[in-house]
Amino acid sequence: MDQRFGLNAHVTLPGPLVLDSGAMLAPVEIAYETYGTLNADASNAILICHALTGDQHVASPHPRTGKPGWWARMVGAGLPIDPARHFIVCANVLGSCMGSSGPASTNPETGTPYGMAFPVITIRDMVRTQAMLLDHLGVKRLEAVVGGSMGGMQALSWAATYPARVAACVVIAATARHSAQNIAFHEVGRQAVMADPNWRDGDYYDADPPAAGLAVARMAAHITYLSEAGLTAKFGRKLQDRGAKTFGFDADFQVESYLRHQGLSFTDRFDANAYLYITRAMDYFDLAEEHGGMLAHAFRGTSTRFCVVSFDTDWLYPTRESRTIVQALNAAGAPASFVELSSPFGHDAFLLESPELRRIVDGFLRAGA
Amino acid sequence: MSLRPDLAIIADHVEPGARVLDIGCGDGALMAALRDGRRVDARGLEIDSANVSAAIARGLSVVQGDADVDLAGYPDKSFDYAILSQTLQTARNPHLVLDQLLRIGERAFVSFPNFAHWRVRASLLWGGRMPVTNVLPERWYDTPNIHHVTIDDFRALLKERRIAVEGAWFLNRGRPTSSAAANFRAEHAVFLLKR
């Protein structure tokens, strides 16, 4: 059995990886999983890129929470991305905390965790790291790169950075650049972490982590993943396990209790510094800026096929952001599909049950096979 | 599956290997026929989400969008043919859509139901009611057809905007009918245009 393939895989590549910031990273740790078998001509590989707080466990249980893989609705037997047909790769992004190099990793210069000494990274740096992994796995060209949210940004960055290595690109509930509002919400989250006295300029790895700050960051962010209608339908003004308001500051309302739970449970599985670094990478993302201010130039001469999907209640990365991508693709003459799907669940819809999304991704992927 | 007669005419007259933009492509029936039968590089634009999903699921490149606003993003002469079938009469600004078609495509196919067909005339003249026919099945209040047009109206528009006709086909009950008296006898018209 080739140690490079399978679940809970890990590789240490010597690097150095030259980052957009100019800094160099060495070595480069990558935690990843593969599903299915790479065929003889290495033509059936699909790279799945995960979102901000996602991980490599796309279709296997999360090691800490025990929950099913985060995209088990899309990846698995009989599903659009199927280990029986595809060689599926999902890697923990650079800067994260599930085994790939990030601020919690050991700094070889000091023998202690990097903390804020970890270099600031970009979406393109994440993509470069994934390219190094694919080299290691013997994959020259991807049948498809697929991602939602920040994963969609990586998919776009893949198509722009390595056009010859990507046959097809699926971009779901994403954007080609972070808007002022996107940056603003992230800054609230970062400031919440940094305002926690336990944060200690990021040097907390031998003490209590800034869990309270990180929980608040997650609460604020979580609201942006839902829709107002969805929140109203789920919680309304319903009270939590009580008959009347308490005239205090307990979680009287169900929505408060829900958000507190979301915040707290997040701190069990995520590193606060990693949250700072990854949100920064997202805020720095502006694919047009990387190409002289013209998004169409990012895709000039591309032969990659694109499928862009948005959700009508997603106000984090609304449909108009997807349209901007599609207009650039049309201007570049790229083969592109785009559809806005209807869902009450806001940005999170891409992770939830959606037969229509499955049908689209399946048809799109099969068309290139 | 057989194509709608106006689409069959278009499919028969698109050169193999051409680049085609099908505007208002529905579920992609024509695109699929062009792709499979004539190795055409077909792209589509369609306003209805369910149609777009169906077209993507059959492996076609289709973008959800509105002909009135979303054609502006396509570069000049980026297609050999721009096709507008049964969509002209639903546009808010049909004349501007026509301009976009001839900007984006070297040539354009336009098909539309003829509002001067005798059955339509009879319905209005004798019945005094807005016509509901095979080719115009919706009632006046729920029809997407907001700019009814006749063959002679369309010819006049082409003349006014100096658009050349390279081909014209007329259909009655799915069968070809002659150009003479087409404005009275044809339910459908298909024009091949160039500017």
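The values are calculated or read from the model by the stated rules, or taken from the named source; none is laboratory data. This structure is a prediction, so every number in the text was calculated from the model and none was measured. Cβ placement follows ideal geometry from the backbone for every residue including glycine, while neighbour counts extend to all protein chains displayed.
Can A:L133 be described as over 30 Å from A:F338 (Cβ atoms), at pLDDT 95 or above and more than 16 Å from the chain's Cα centre (by Cα)?
When the stated conditions are applied, A:L133 does not pass them.
Restricting to the range A:312-340, give me the number of residues that are within 23 Å of A:F299 (Cβ to Cβ) and more than 7 Å from every other protein chain (Cβ to nearest Cβ).
14
Which of (1) touching a strand residue (DSSP E or B) at 6+ places or on another chain (Cβ under 8 Å); (2) without any contact (Cβ under 8 Å) to a residue 60 or more places away in the chain; (3) of a type in the set (S, T, Y) does B:S123 not meet, given it meets every other one?
For B:S123, the exception is condition (1).
For the range B:71-95, what are the residues that are in contact (Cβ under 8 Å) with a residue 24 or more places away in the chain, surrounded by fewer than 22 Cβ atoms within 10 Å (Cβ to Cβ) and facing another protein chain (nearest Cβ under 8 Å)?
Across the range B:71-95, the qualifying residues are B:P75, B:S78.
Of all residues in the range B:8-57, how many are closer than 17 Å to A:A367 by Cα and at the interface with chain A (Cβ under 9 Å from one of its Cβ atoms)?
The qualifying residues number 9.
When residues of the range A:342-369 are filtered for being aliphatic (A, V, I, L, M), crowded, with 23+ Cβ neighbours inside 10 Å and more than 7 Å from every other protein chain (Cβ to nearest Cβ), how many remain?
The total comes to 4.
Go through A:G292, A:G333, A:G301 for me and flag whichever is under 17 Å from A:L156 (Cα atoms), out of contact with any helix residue (DSSP H, G or I) (no Cβ under 6 Å at 6 or more places or on another chain), of a type outside the set (D, E) and surrounded by 18 or more Cβ atoms within 10 Å (Cβ to Cβ).
A:G333 is the lone residue from the list that is under 17 Å from A:L156 (Cα atoms), out of contact with any helix residue (DSSP H, G or I) (no Cβ under 6 Å at 6 or more places or on another chain), of a type outside the set (D, E) and surrounded by 18 or more Cβ atoms within 10 Å (Cβ to Cβ).
From the list A:P103, A:P119, which one is buried (at least 23 other Cβ atoms within 10 Å of the Cβ), closer than 30 Å to A:H291 by Cβ and in contact (Cβ under 8 Å) with a residue 24 or more places away in the chain? Can you show your working first?
Values: A:P119 fails: buried (at least 23 other Cβ atoms within 10 Å of the Cβ).
After ruling out the rest, the residue left standing is A:P103.
For the range A:276-324, what are the residues that are farther than 24 Å from A:F350 by Cα and not hydrophobic (A, V, I, L, M, F, W, C)?
Correct list: A:E289, A:E290, A:H291, A:G292, A:G293, A:H297, A:R300, A:G301, A:T302, A:S303.
Which one of the conditions (1) touching a residue at least 24 places away in the same chain (Cβ under 8 Å); (2) assigned to a helix (DSSP H, G or I); (3) surrounded by fewer than 23 Cβ atoms within 10 Å (Cβ to Cβ); (4) among the hydroxyl-bearing types (S, T, Y) does A:S257 fail to meet, given that it meets all the rest?
(1)
So if I check each of B:L136, B:L98, which one is in contact (Cβ under 8 Å) with a residue 40 or more places away in the chain and crowded, with 20+ Cβ neighbours inside 10 Å?
B:L98
I need the full set of residues from the range A:226-284 which are over 30 Å from A:S105 (Cα atoms) and among the aromatic types (F, W, Y), in order please.
A:F235, A:F247, A:F249, A:F253, A:Y258
Residues of the range A:24-43 being more than 27 Å from A:L352 (Cβ to Cβ) and of a type outside the set (D, E, K, R), which ones?
Within the range A:24-43, A:M24, A:L25, A:A26, A:P27, A:V28, A:I30, A:T37, A:L38, A:N39, A:A40, A:A42, A:S43 qualify.
Looking only at the range A:224-254, which residues are over 23 Å from A:L52 (Cβ atoms), part of a loop (DSSP other than H, G, I, E, B) and among the hydrophobic types (A, V, I, L, M, F, W, C)?
Passing the criteria: A:F235, A:A244, A:F247, A:F249, A:A251.
Do we find a residue being of a type in the set (S, T, Y) and either outside the structural domain of A:V58 (by TED's automatic domain parsing) or more than 22 Å from the chain's Cα centre (by Cα) (or both) anywhere in the range A:308-330? Steps first, please.
Looking only at the range A:308-330, we keep the residues that are of a type in the set (S, T, Y), and these are A:310, A:313, A:317, A:319, A:322, A:324.
If we keep only those that are either outside the structural domain of A:V58 (by TED's automatic domain parsing) or more than 22 Å from the chain's Cα centre (by Cα) (or both) too, we end up with none.
No, every residue in the range A:308-330 fails to be of a type in the set (S, T, Y) and either outside the structural domain of A:V58 (by TED's automatic domain parsing) or more than 22 Å from the chain's Cα centre (by Cα) (or both).
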